[in-house]
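Reviewing the structure listed below.
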Amino acid sequence: AVMVNTALGYDIAFVVDEPFDIPDEKIDENILPVLRFATDKEMEHYHDKREREEVAFKKCLTLIEKHQLPMTLVEAVYSFDGKKLTFYFTAEKRVDFRELVKDLTACFHQRIELRQIGSREQAKMVGGLGICGRELCCCSYLDQFLPVTVRMAKDQGRSLNPTKLTGTCGRLMCCLSYEQAAYEDANKRVPKVGKKVKTPSGIGVVIYSDLLKE
């Protein structure tokens, strides 16, 4: 456990891997400088904060039900200094949560923020396993969401069955983009289906191509 300085102020982070060198061009503002090890007192405060977040989450759920708001609460997060309480939620449309904020402010007596997030961010916060059986990429190592399109699935010769292309978040799986460059390169060299080609046995028509084997 270490202390870091984020855009929202000081907070605790956890070192999960050994130090390693990265090229200078890949160093940007997303890499948080580690200030020092977290003290026992700060760790105690961290665990207390997590308990208070659980209480806040349950209270907010009750108030959402009371106001009958069409929203799904994802997480409640206190800033490390305890001056701000943020609730993350998903919703299909814009939600008028002004009365909810009033009730939450009256209940917790501090600055309240409600932040709407997308389904990808929800999966990153909640966590889970992908169809590969491994922890979701977004909550294990991806630091940003890459653009993923149906064109990628077509380029890779994948079935366009939505159940095989969508991840836990309900959006196209991030891993479709990982090897896209290799498929694009293969597509440039492998003749398309329907094209006539010369073979040792004569002229033939391509009926199927295996891009990985080329």
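The values are calculated or read from the model by the stated rules, or taken from the named source; none is laboratory data. None of these values were measured; they are calculated from a predicted model. Glycine gets a Cβ as well: all are built from the backbone with ideal geometry, and neighbour counts include every protein chain shown. These area figures cover heavy atoms from the full protein model, side chains too; ligands, DNA and RNA do not enter into them. Shrake-Rupley method; radii C 1.70, N 1.55, O 1.52, S 1.80 Å.
For every residue, the table says whether it meets (1) without any contact (Cβ under 8 Å) to a residue 12 or more places away in the chain; (2) out of contact with any strand residue (DSSP E or B) (no Cβ under 9 Å at 6 or more places or on another chain); (3) at negative phi; (4) of a type in the set (Phe, Trp, Tyr).
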site	(1), (2), (3), (4)
GLY133	yes, yes, no, no
PHE145	no, yes, yes, yes
MET152	no, no, yes, no
SER159	yes, yes, yes, no
LEU165	no, no, yes, no
GLU179	no, yes, yes, no
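Within region 19-45, the set of residues being touching a residue at least 40 places away in the same chain (Cβ under 8 Å) and loosely packed, with under 10 Cβ neighbours inside 10 Å comprises just one member, ASN30. Does LEU146 satisfy being farther than 30 Å from GLU53 by Cβ, of a type in the set (A, V, I, L, M, F, W, C) and in contact with a helix residue (DSSP H, G or I) (Cβ under 6 Å, 6 or more places away or on another chain)? The answer is no for LEU146. Of the residues making up region 202-213, those that are under 44 Å from the mean Cα position of the chain (by Cα) and surrounded by 10 or more Cβ atoms within 10 Å (Cβ to Cβ) number 5.
Just one of the listed residues (LYS198, LYS188) is part of a helix (DSSP H, G or I) and farther than 29 Å from GLY118 by Cβ, and it is LYS188. Residue under question is ASP24, and the condition is that it be of a type in the set (Asp, Glu) and under 23 Å from the mean Cα position of the chain (by Cα); does it hold? Criteria not met by ASP24. Taken together, LEU104, LEU142, LEU114, LEU165 contain a single residue that is among the hydrophobic types (A, V, I, L, M, F, W, C) and farther than 23 Å from LEU8 by Cα, which is LEU165.
Every residue, every condition in (1) assigned to a loop (DSSP other than H, G, I, E, B); (2) more than 28 Å from GLN122 (Cα to Cα); (3) basic (Lys, Arg), yes or no:
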{"position": "THR163", "(1), (2), (3)": "no, no, no"}
{"position": "CYS169", "(1), (2), (3)": "yes, no, no"}
{"position": "GLU184", "(1), (2), (3)": "no, yes, no"}
{"position": "LYS192", "(1), (2), (3)": "yes, yes, yes"}
{"position": "TYR208", "(1), (2), (3)": "yes, yes, no"}
{"position": "LYS213", "(1), (2), (3)": "yes, yes, yes"}
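Considering only region 6-18, state which residues are more than 17 Å from ASP143 (Cα to Cα) and either free of Cβ contacts under 8 Å to residues at least 40 places away in the same chain or aliphatic (A, V, I, L, M) (or both). Hits for region 6-18 are LEU8, ILE12, GLU18.
Going residue by residue through region 161-172, is there one that turns out to be at pLDDT 90 or above, farther than 28 Å from ASN30 by Cα and open to solvent by 80 Å² or more (accessible area, probe 1.4 Å)? The answer is no, given that none of the residues of region 161-172 is at pLDDT 90 or above, farther than 28 Å from ASN30 by Cα and open to solvent by 80 Å² or more (accessible area, probe 1.4 Å).
Taking the criterion of being under 37 Å from the mean Cα position of the chain (by Cα), farther than 30 Å from LEU142 by Cα and open to solvent by 100 Å² or more (accessible area, probe 1.4 Å), the residues of region 178-201 that qualify are ARG189, LYS192.
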